[in-house]
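The block underneath contains the structure these notes are about, expressed in structure tokens.
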Amino acid sequence: MRDLNSDCAAMIRDLLAWYDVHAREMPWRVGPAKRAAGERPDPYKVWLSEVMLQQTTVAAVREYFLRFTKRWPAVPDLAAAEDADVMSEWAGLGYYARARNLLKCARAVASDFGGTFPDSYEGLLKLPGIGPYTAAAISSIAFDRPETVLDGNVERVMARLHNIHEPLPGVKPVLTDRAAELTPAQRPGDYAQAVMDLGATICTPRNPACGICPWRDPCAARAAGTAAELPRKTPKKPKPTRNGIVYLAKSADGTWLLERRPDKGLLGGMLGWPGSEWNETPAANPPFAADWQGIGSEVRHTFTHFHLILQVMTAELPAGFNPNPAQELIPRHDFRPSSLPTVMRKAFDLYQGR
């Protein structure tokens, strides 16, 4: 077994050699061969992908990224976009504060930096919605700065490599230090993507493929037989359950009544169905007086901090209905269920299948 402390250079070399052959192809990535030939990543695409990938998988993000970059191919295009258009394209990705921060950041880059991202960790960290991880990832991948990138995949790799059994999130500073020790001055952007790919494809949460891992020899957890147990995590508290009511109303000509949620809070700025508050015992709050009828089934959805159960009520939208400033009447030919947040689309799907 190699000595981790004395053989960092060889480990970096082994990992980059593996990455040169096995790098995943992604629409926002410049692969190692193209990078070696002089092609450089677009900081806009790196930033956009990193924001989209927070709390989300590569598979889920790919189509969203392609749609975004086709519609808004550069920072100035996104900065000039209407908020509602961006929120609509984001629908289904979840964690909607990311979309609001996306716009704030694009506008800051366009107005304060002439449409060009700062190329340093410190400069990136000053932008709206960019935290330590995202700043490190952009500066490393887009600008080849030797910053330490630590996502969930890298945490898992470091915990196993050093056989660290203290639980997350408390042990994160230790894992950051271990990752920093391996971050090279040469090819840091490729290295950052390589170690993330290693965690995503080989050093996976379950059944890690230790036999084909380029770091199998220096891995302390493989030697100890504890790789599958790591990283340990502090048990989470059970999520509470909240309840709510949503009201689906459509006119005889197919016009739907939707309501834009407040900018702050869950689903902020998104169009959805009018409804009640979400709590233990929600009070009825229909958008107009009518003979509202339940559809006999309920929406079940889980957010980060709670489970939600929604009762779905329906009624016909009266002719000549006058919406309040937060409400919008969407004609049948303009209504796109795919533009709704996932929980609201679930309600629509239940309505359609009743």
Dipole in debye (nearest 20) - segment 210-278, about Cα centre, beta carbon charges: Lys, Arg +1; Asp, Glu -1: 360
Highest average packing first - 200-212, 259-271, Cβ atoms within 10 Å: 259-271, 200-212
Cα-centre dipole for segment 30-108 with unit charges at Cβ (Lys and Arg positive, Asp and Glu negative), debye to 20: 240
Listed peptides 220-229, 44-53, 17-26 by packing density, highest first (mean Cβ within 10 Å): 44-53, 220-229, 17-26
Listed residues Gly272, Asn324, Ser251: farthest to the positive end of the dipole of segment 241-353 (Cβ charges): Gly272
Computed magnitude of the charge dipole of segment 241-353 (debye, nearest 20; Cβ of K, R +1, Cβ of D, E -1): 320
Computed lengthening from Ile309 to Asp253, 0.36 nm per intervening residue step minus Cα-Cα distance: 17.2 nm
Net charge of neighbours whose Cβ lies under 11 Å from the Cβ of Phe335, counting Lys and Arg as +1 and Asp and Glu as -1: +1
Label of the coordinate-derived value, Cα Rg over 2.2 N^0.38 Å, listed as (i) 1.17; (ii) 0.94; (iii) 1.00: (i)
Distance (nanometres) between label positions extended 7 Å along Cα→Cβ at Lys34 and Glu328: 3.5
Distance between segment 18-49 and segment 208-229 - C-alpha centres, whole angstrom: 27
Gain upon complete extension [Ala60, Phe288; 0.36 nm per residue less C-alpha separation]: 78.4 nm
Relative contact order of segment 111-207, defined on C-alpha pairs under 8 angstrom at six or more residues apart (%): 30
Spin-label pair Arg206/Asp112, simplified geometry with 7 Å Cα→Cβ offset, distance in nm: 4.4
For the chain, calculated [θ]222 nm from helices alone, where every DSSP H run of n ≥ 4 adds -39500 (n - 2.57): -11500 deg cm²/dmol
Sorted peptide list for 80-90, 231-241, 281-291, criterion being average Cβ within 10 angstrom, highest first: 80-90, 281-291, 231-241
Potential extension, Glu277-Ser297 segment - 0.36 nm per residue separation minus Cα distance: 5.3 nm
For the chain: lysine pairs under 26 Å (alpha-carbon distance), excluding those fewer than 8 apart on one chain: 20
Selection from Ala36, Ala10, Thr69 lying farthest towards where the dipole of the chain points positive, charges on Cβ: Ala10
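Rule-based calculations on the coordinates, nothing more; no lab input. What you are looking at is a predicted structure, and each value in this text was computed from that prediction instead of being measured. Cβ sites come from the backbone with ideal geometry, for glycine too, and all protein chains shown count toward neighbours.
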